[in-house]
1. Suppose we keep only residues that are in contact (Cβ under 8 Å) with a residue 12 or more places away in the chain and among the hydroxyl-bearing types (Ser, Thr, Tyr) within region 156-206. Which one would you say is nearest to Phe140 (Cα to Cα)?
2. Return the total of residues in region 145-189 being open to solvent by 60 Å² or more (accessible area, probe 1.4 Å), among the acidic types (Asp, Glu) and either assigned to a loop (DSSP other than H, G, I, E, B) or in contact with a Pro (Cβ under 7 Å, 6 or more places away or on another chain) (or both).
3. Only residues that are of a type outside the set (A, V, I, L, M) and within 25 Å of Lys249 (Cβ to Cβ): list them for region 466-489, please.
4. Is it true that some residue in region 417-438 is under 30 Å from Asp320 (Cβ atoms), assigned to a helix (DSSP H, G or I) and open to solvent by 20 Å² or more (accessible area, probe 1.4 Å)?
5. Please give the number of the condition Val448 fails out of (1) of a type in the set (Val, Ile, Thr); (2) at pLDDT below 90; (3) in a helix (DSSP H, G or I).
6. Are there any pairs with C-beta distances below 9 angstrom linking a residue in region 239-259 that is in contact (Cβ under 8 Å) with a residue 40 or more places away in the chain to a residue that is outside any loop (DSSP other than H, G, I, E, B) and open to solvent by 90 Å² or more (accessible area, probe 1.4 Å), with the two at least 6 apart or on different chains, and if so which?
7. If Val210 satisfies all but one of (1) out of contact with any strand residue (DSSP E or B) (no Cβ under 9 Å at 6 or more places or on another chain); (2) under 28 Å from Leu145 (Cα atoms), what's the number of the condition it fails?
Amino acid sequence: MIQSHFFSNFGVYITYMLRQRLAQKLQQKLSPQQIQLMKLLQIPTANLEQRIEEELEANPALEEGDAIDNVLDELDDEMEERGKDEDVETESLEEYGVEDYFDDEGDYPDYKTSDGYANSGGDSEHTDIPFSVGVTFHEFLLKQLGIKELDDESYLIGSQIIGSIGDDGYLRRELINIVDDLAFAQNITTTEEEVEEMLELVQTFDPPGVGARDLQECLLLQLDRKDSNPLIRKAQVMIKNYFDQFAKKHYSKLENALDLGSDELKSVIDEVLKLNPKPGSSYSESQGSAKVNRYIIPDFTIKNNEGELELLLNMRNAPDLKVSKSFKDMYEGYKASKEKSTDQKNAILFIKQKMDAAKWFIDAIRQRQQTMMLTMRTILDYQINFFLTGDETQLRPMILKDIANETGLDISTVSRVANSKYVQTEFGIYLLKYFFSESMQNEDGDEVSTREIKAILQEVIGAENKKKPLSDQKLMEKLKDKGYIIARRTVAKYREQLNIPVARLRKEL
């Protein structure tokens with residue numbers, strides 16, 4: 001009885017273990033070509049040339065030069081002729097899949113001969129973008145350190161301090177951490193006091209204020225370098241003893257603490273406002289060589305020809321691409337060989353792989369160009385009034401979905417095109433993301449762009465009485481009077497997005 005029950009349960013268990021189910025799953029996978037296109041779409045024009053050079057170095061089947069000149073058409077004709085007489089040879093070709101390159105279309109058109117490039121002016125001159133070179137900010141500081149009479153250990157401590165200073169000129173690393181850095185990296189045993197002493201030396205370097213650990217110290221270092229007079233001395237006392245009141249613009253408290261009238265306090269504050277809160281940037285602006293300047297290379301240009309807008313795609317500095325002719329010659333050598341060794345078979349597989357990669361890359365560049373032109377053309381049509389006038393209030397509410405619906409592209413594709421891309425207009429250079437904004441309704445029920453509201457908000461704040469700046473509540477009421485009904489917290493959000501401080505910090509004497 002027990003044995004029968006055991007085998008009965010065991011049979012159920014075996015049946016359960018062997019049960020199979022058929023299920024269908026729908027999965028979407030991107031091909032290598034699609035992934036390559038997506039990556040190329042994200043690259044701005046400034047970095048495209050570097051990406052092409054990387055591909056040229058990695059793939060010997062890809063070359064710079066003119067169009068491919070119907071090389072593949074010729075090979076296609078030769079294959080058809082030889083195929084009639086050499087059935088075995090044709091079968092060998094099919095075995096390796098090389099015949100895929102000899103389709104009805106013939107060659108792979110150069111991506112610069114497509115419509116998008118034709119609209120960009122065709123054979124425009126290839127102009128290299130100049131880059132500034134010179135002494136960096138940190139090298140400038142090290143030069144000043146080098147002319148001081150220091151022993152080797154002191155020089156290394158000073159070098160470590162300079163290396164810890166940020167591009168803005170501030171030293172934000174704790175001295176105890178610098179002591180540890182010296183112990184681990186330079187095998188130097190020192191103390192905080194010795195590092196502090198060397199920091200004081202670095203703080204005497206140009207530009208004034210360098211090596212400060214906070215804004216208060218930065219301002220004091222700069223005031224100490226100025227010629228002493230009553231205003232400077234008052235400013236030193238204010239920054240040293242009443243910095244918090246100064247930062248929060250509590251002018252009445254400062255007047256009482258410093259025993260100054262409004263006009264005198266204004267003169268003292270004006271002296272402080274002449275100082276540079278970011279001393280590192282002063283070297284960059286004056287010398288132009290603190291670091292390599294960042295140049296914005298626009299991806300698109302919009303020209304206004306007597307009311308007709310012309311869209312151009314920037315393809316300068318990007319070389320022409322073609323499939324290497326030498327690979328054709330290698331293929332000819334393969335065809336001439338009647339008996340194929342293992343090495344020859346491996347060679348033709350290598351040729352196919354590299355030709356595949358070259359074709360995909362050229363196609364991806366061409367598709368990148370076409371997708372970018374399609375997207376930018378749609379944005380141009382959508383924001384036509386802005387591109388004609390340059391007036392921010394003419395911007396229509398526009399989100400990624402609007403452009404995706406118009407172009408038939410996926411939202412993620414539109415996002416990749418808009419990311420890090422710039423357009424040059426007669427009113428300036430704009431990031432494509434600038435034209436995307438949400439919508440709100442005015443009192444008439446019309447949809448307006450949030451960027452339009454921000455522009456009006458800036459105008460209202462710019463026209464306010466700086467002695468009595470408007471609070472967010474007052475700003476809300478001003479916008480309401482202009483027909484924009486938004487909540488106070490929305491006003492605060494837009495003000496913060498515009499990097500405009502609260503009313504108290506906008507107050508002036």
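1. Narrowing region 156-206 to residues in contact (Cβ under 8 Å) with a residue 12 or more places away in the chain: 156-172, 175-176, 178-179, 181-182, 185-186, 188, 190-192, 194-196, 198-199, 201-203, 205-206.
Right, trim to among the hydroxyl-bearing types (Ser, Thr, Tyr) and you get 159, 164, 170, 190-191.
Numbers: Ser159: 12, Ser164: 14, Tyr170: 15, Thr190: 25, Thr191: 26 Å.
Taking the candidates together, the pick is Ser159.
2. Qualifying residue count for the region: 4.
3. Narrowing region 466-489 to residues of a type outside the set (A, V, I, L, M): 466-469, 471-474, 477-478, 480-484, 488-489.
Of everything in region 466-489, those that are of a type outside the set (A, V, I, L, M) and within 25 Å of Lys249 (Cβ to Cβ) turn out to be Lys466, Lys467, Lys468, Pro469, Ser471, Asp472, Gln473, Lys474, Glu477, Lys478, Arg488, Arg489.
4. No, region 417-438 contains no residue that is under 30 Å from Asp320 (Cβ atoms), assigned to a helix (DSSP H, G or I) and open to solvent by 20 Å² or more (accessible area, probe 1.4 Å).
5. (3)
6. Pairs that qualify, where the first residue is in contact (Cβ under 8 Å) with a residue 40 or more places away in the chain and the partner is outside any loop (DSSP other than H, G, I, E, B) and open to solvent by 90 Å² or more (accessible area, probe 1.4 Å), are Lys248/Arg504; Lys249/Arg504.
7. For Val210, the exception is condition (1).
Let's see how each residue does on (1) open to solvent by 10 Å² or more (accessible area, probe 1.4 Å); (2) within 29 Å of Gln42 (Cβ to Cβ); (3) in contact (Cβ under 8 Å) with a residue 40 or more places away in the chain:
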| residue | (1), (2), (3) |
| --- | --- |
| Asp329 | yes, no, no |
| Thr342 | yes, no, no |
| Asn346 | yes, no, no |
| Ile365 | no, yes, yes |
| Leu374 | yes, yes, no |
| Ile403 | no, yes, no |
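The values are calculated or read from the model by the stated rules, or taken from the named source; none is laboratory data. Predicted, not measured: the structure shown is a model, and the values here were computed from it. Because the Cβ atoms are built from the backbone with ideal geometry, glycine has one as well, and the counts that use them run over all protein chains shown. Heavy atoms of the whole protein, side chains included, go into the accessibility calculation; ligands, DNA and RNA do not. Shrake-Rupley method; radii C 1.70, N 1.55, O 1.52, S 1.80 Å.
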